[in-house]
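This report concerns only the one structure given below.
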Amino acid sequence: MNAAQLTPLADILVQSYNETAVYSRQFTADYGQPPTAIAKVQHLLAIAQSFVNKSDHYQLCPDYTELGKLQVVDRETGRTFLVRSNTAFGIEDARQQILFPAELAALATPIIMVIRRFHAAGLDLSIAGTRQQSGRQRLVASGPATFVGTWPYVPIDDIESAFDQGTPDVFKEVGPADEEAEDSGEVG
């Protein structure tokens, strides 16, 4: 899989991140303190779900939306993508290696895990295959993640505005948008 194939999803995630920065600034102005990390992550995912619903490229998988999960189907290729944070992926990977080694019965699934990592320069996306333990709904990575690419917060065609001294630093407002509690449930 190459970066071009994930660009529509990356664009949705970057837009959601930028909108979350606006939310964070407004919350801070209204209440005198920034929102919690989990509030920012849940806001980001809710915005991303909304953008997916408006997209012609993706269809939102509704099964886990109330739980703050982001799973989409690419209408052109039929591929299903489950988006997870880099932190959640790392924690889950370590946990799975101890509790459920690859040798235990697990079925490979066609769903591709997309691992997101926001940092000061933009959004990194990596991918991994998924597997599912017998009798469980939860998907786990079937192997190590493969880096796909980095998408900046400001589109290349809008680069002049990136140098506008009045432009707020979105990474300062939102942060890495990763948290440990995101994937603590059994679904997804």
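The values are calculated or read from the model by the stated rules, or taken from the named source; none is laboratory data. Just so we're clear, the structure is a prediction, and the values are computed from it rather than from any experiment. FYI the Cβ positions are ideal-geometry reconstructions off the backbone, even for glycines, and counts take in every protein chain you see.
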Test residue 10 against the criterion of being modelled with pLDDT of 95 or more, under 19 Å from residue 124 (Cα atoms) and small (Gly, Ala, Ser), and give yes or no.
-> yes
Does residue 41 qualify as being at pLDDT 95 or above and either assigned to a strand (DSSP E or B) or in contact with a strand residue (DSSP E or B) (Cβ under 9 Å, 6 or more places away or on another chain) (or both)?
-> no
If residue 127 passes every condition in (1) β-branched (Val, Ile, Thr); (2) modelled with pLDDT of 90 or more; (3) more than 28 Å from residue 27 (Cα to Cα); (4) out of contact with any Phe, Trp or Tyr (no Cβ under 9 Å at 6 or more places or on another chain) but one, which one does it miss?
-> (4)
Looking at the stretch 2-12, is at least one residue part of a helix (DSSP H, G or I), free of Cβ contacts under 8 Å to residues at least 24 places away in the same chain, small (Gly, Ala, Ser) and within 15 Å of residue 114 (Cα to Cα)?
-> yes
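Could you go through the stretch 24-34 and let me know if any residue there is among the basic types (Lys, Arg) and within 13 Å of the chain's Cα centre (by Cα).
If we filter the stretch 24-34 for residues that are among the basic types (Lys, Arg), which is where we start, we get 25.
Applying the additional criterion that residues be within 13 Å of the chain's Cα centre (by Cα) yields none.
No.
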